[in-house]
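Enquirer: Let me begin by handing over the structure; questions about it come next.
The values are calculated or read from the model by the stated rules, or taken from the named source; none is laboratory data. Everything numeric here is computed off the predicted structure, so don't read it as measured data. Cβ atoms come from the backbone with ideal geometry, glycine included; neighbour counts cover every protein chain shown.
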Amino acid sequence: MIEVTLRNIICITGLIFIAPFLFFMAIIILLEDGLPVFFKQNRLGLRKKTFTIYKIRTMKKNTPELGTHEIENAYKLSAGVMARKLKIDEFPQLINVLKGEINLVGPRPGLKTQIELEQARSLHGIFNIKPGITGLAQILGYDMSNPDKLAEVDKIYMTNRSLKIDLLILLGTFVKFPRKYLSTQLNVPMM
């Protein structure tokens, strides 16, 4: 129960802290491309259960529902590029953490349409743990364009996860220096 309470305190504190930045980003998105400001999308979570993920919208309204690596630059909002660079678009997922659908750290949840990724992750048992807002594969530069390699890195995380690893991944989401350490310690080359 202490762990859940601590998680909730971290999430609520994070949402309060980031609220002014989210408000500022919402105004910029509203001016550039109108409503909605937030983005909702179905993703695969624990045991392949579908849940709705929340993010700041970084793409235009008519963007196809594909993986980010498959979307052309013409669909990206200028405000969205800035939000992604600063990682502001990810913070609404703290709501998903509060709901118990994801963790702060874990494999990034994929789309139901990413069949190859779903198959590769099923093969490695990745759906036996909750996905996360950030993960080892993301901070080391792996994305969903190579489903097999991504699932392999997710498996390495799953096998080695610990509080120390999770804290280093969280830190590595915002700064670069823990990435090389994790790459070396877990024997995963950086992309």
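Enquirer: Among (1) under 30 Å from R121 (Cα atoms); (2) loosely packed, with under 12 Cβ neighbours inside 10 Å; (3) of a type outside the set (G, A, S), which single condition is M59 missing?
Expert: Evaluating M59 over (1) under 30 Å from R121 (Cα atoms); (2) loosely packed, with under 12 Cβ neighbours inside 10 Å; (3) of a type outside the set (G, A, S) leaves (2) as the failure.
Enquirer: If you scan the range 162-186, which residues turn out to be in a loop (DSSP other than H, G, I, E, B) and either hydrophobic (A, V, I, L, M, F, W, C) or in contact (Cβ under 8 Å) with a residue 12 or more places away in the chain (or both)?
Expert: Within the range 162-186, V175, L186 meet the criteria.
Enquirer: Would you be able to tell me the number of residues in the range 144-160 that are touching a residue at least 12 places away in the same chain (Cβ under 8 Å) and crowded, with 16+ Cβ neighbours inside 10 Å?
Expert: Qualifying residue count for the region: 11.
Enquirer: Do you know which residues across the range 104-129 are crowded, with 19+ Cβ neighbours inside 10 Å and acidic (D, E)?
Expert: Correct list: E118 only.
Enquirer: Does T13 satisfy being loosely packed, with under 11 Cβ neighbours inside 10 Å and over 18 Å from the mean Cα position of the chain (by Cα)?
Expert: The answer is no for T13.
Enquirer: Sticking with this structure for a sec: Which one is nearest to the chain's Cα centre (by Cα), of the residues in the range 41-66 that are at pLDDT 90 or above and hydroxyl-bearing (S, T, Y)?
Expert: Y54
Enquirer: For the subset of the range 166-175 comprising residues that are more than 12 Å from Q138 (Cα to Cα) and out of contact with any helix residue (DSSP H, G or I) (no Cβ under 7 Å at 6 or more places or on another chain), which member is surrounded by the fewest Cβ atoms within 10 Å (Cβ to Cβ)?
Expert: Checked the range 166-175; the qualifying residue surrounded by the fewest Cβ atoms within 10 Å (Cβ to Cβ) is V175.
Enquirer: Which of the residues belonging to the range 62-97 are among the aliphatic types (A, V, I, L, M) and surrounded by 14 or more Cβ atoms within 10 Å (Cβ to Cβ)?
Expert: L66, I71, L77, A79, M82, A83, I88, L94, I95, V97, listed by residue number.
Enquirer: Moving to a separate point now. Quick check, is L150 in contact with a helix residue (DSSP H, G or I) (Cβ under 6 Å, 6 or more places away or on another chain) and over 26 Å from E70 (Cα atoms)?
Expert: No: the conditions fail for L150.
Enquirer: Restricting to the range 30-52, count the residues that are surrounded by 14 or more Cβ atoms within 10 Å (Cβ to Cβ) and either assigned to a strand (DSSP E or B) or touching a residue at least 40 places away in the same chain (Cβ under 8 Å) (or both).
Expert: 9
Enquirer: Still on this model: Just to be sure I understand the filter: pairs with C-beta atoms under 8 Å, separated by 6 or more residues or on different chains, first member in the range 53-68 and aromatic (F, W, Y), second member not in a loop (DSSP other than H, G, I, E, B). Which pairs pass?
Expert: Once the first residue is aromatic (F, W, Y) and sits in the range 53-68, its partners that are not in a loop (DSSP other than H, G, I, E, B) give Y54/F38; Y54/F39; Y54/K40; Y54/P92; Y54/Q93; Y54/I95; Y54/N96.
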